[in-house]
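Colleague: Please find one structure pasted underneath; my questions will follow.
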Amino acid sequence: MNVYSQILTNVAQGKKMLCLLIDPDKNTVESLRQLLFVIKDSTLDFIFVGGSLLSQNIDETIRLIKQETTIPVVIFPGSMHQVSAYADALLYLSLISGRNAEYLIGQQVQSAPLIKKMGIETISVGYMLIDGGKPTSVEYISNTLPIPHDKEDIAVATALAAELIGMKMLYLEAGSGAENPVSERMISQVKKHCSVPVIVGGGIRSVEAMQAAFSAGADLVVIGNHFETHPSDILKFVQGK
């Protein structure tokens, strides 16, 4: 399947999408099997796989997911090493909210030949780190500052730059375990001024928070930490999207 085409179709039809983020470093084979058992018959739209460190084998994680479910798997890479031919697609992220060239283009240059050789579907994404109330792994690892949570004008200008450059999607990220999710006003302003699909993640712990993000303009909401500790909540979120 072509993941990006499916996303565009869903957006055109007004269908909101929910994604489970799986960090291999936070799951054993057994815990991952239990999680997949819960979601295998759900209507989750995508499973993202990735993390800030990722010391474990990403191939093994994706193969296991593929064995247990038919939900499309998309790599959400934290570094150039997080690529796999077993995934359905890869988000080719550029950390456009920061000024660290390594995460704007450096990691991409190093990974491009391997990704091209694998032939995996690659979706260019403008990745924007938004202040979620406390320092995050992404902020620390990338050595970049997040956009202040109340600076909608900076977020909009950054998002517009990504769209004009030609990036296919935008990702507003408050960070794993954020105290506060990206504000509804920031989401709505970015969506108002940009025409590409908008992904929102970080700090979303309730169905109400997910619905608020959708209502503000998010096309796809990503949840990771909450589902790791409350896997039984997944079906509740799926039903509420």
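Colleague: Past 27 Å, Cα to Cα: identify those pairs from Lys40/Lys117; Lys26/Lys236; Lys15/Lys236; Lys66/Lys241, in the order given.
Modeller: Lys40/Lys117
Colleague: Related question: Given H placed on each backbone N at 1.01 Å, which residues far from Met17 in sequence or on other chains put an amide H within less than 5 Å of it?
Modeller: Leu220, Val221
Colleague: Can I ask one more? What's the FRET efficiency of Met118 with Ser31 using the Cβ-Cβ distance as r and R₀ = 35 Å, to the nearest 0.05?
Modeller: Numbers: r = 28 Å, r/R0 = 0.79.
According to the calculation, E is roughly 0.80.
Colleague: Determine the relative contact order of the chain: mean sequence separation of Cα pairs under 8 Å and six or more apart, normalised by residue count, in whole percent.
Modeller: 19
Colleague: Where does the chain land at 222 nm, in deg cm²/dmol rounded to the nearest 500, when only DSSP H runs of n ≥ 4 count, each adding -39500 (n - 2.57), divided by all residues?
Modeller: -11500 deg cm²/dmol
Colleague: For labels at Leu160 and Lys241 in the simple 7 Å Cα→Cβ model, what's the distance in nm?
Modeller: That separation, rounded to one decimal, is 3.1 nm.
Colleague: Less than 15 Å Cβ to Cβ from Glu139, Lys/Arg counted +1 and Asp/Glu -1: what total charge do the surrounding residues give?
Modeller: So the surrounding residues net to -2.
Colleague: Pick out the long, greasy-scoring helices in the chain: whole DSSP H runs spanning 18 Å or more along their own axis by Cα, mean Kyte-Doolittle at least 1.0.
Modeller: Qualifying helices, which must be both long enough and hydrophobic enough, are 152-165.
Colleague: Under the 0.36 nm per residue contour assumption, what length would be gained going from the current alpha-carbon distance of His193 and Lys134 to full extension?
Modeller: My answer for the length gained is 18.5 nm.
Colleague: Restricting attention to the alpha-carbon atoms of the stretch 53-126, what are Rg (one decimal) and Dmax (integer), both in Å?
Modeller: Taking only Cα atoms of the stretch 53-126, I get Rg and Dmax of 12.6, 40 Å.
Colleague: Still on this structure: Please state, to two decimals, what the Cα-based radius of gyration of the chain comes to when divided by 2.2 N^0.38 Å (N = residues).
Modeller: Relative to the rule-of-thumb radius for its length, the chain sits at 0.92.
Colleague: Count charges around Ala174 for me, please; just the other residues with Cβ under 12 Å from its Cβ, Lys/Arg as +1, Asp/Glu as -1.
Modeller: Net of charged neighbours comes to -2.
Colleague: Here's another thing I want to ask about it. Suppose a student asked you for the relative contact order of the stretch 128-208, using Cα pairs under 8 Å spaced at least 6 residues apart; what percent would you report?
Modeller: RCO, the stretch 128-208: 37 percent.
Colleague: Separation between the Thr229 and Val38 pseudo-spin-labels, each 7 Å from Cα along Cα→Cβ, expressed in nm?
Modeller: That separation, rounded to one decimal, is 1.3 nm.
Every number in this text was worked out from the coordinates using simple rules, so none of it is lab data. None of these values were measured; they are calculated from a predicted model. No Cβ is skipped: glycine too gets one built from the backbone with ideal geometry, and neighbour counts run over all protein chains shown.
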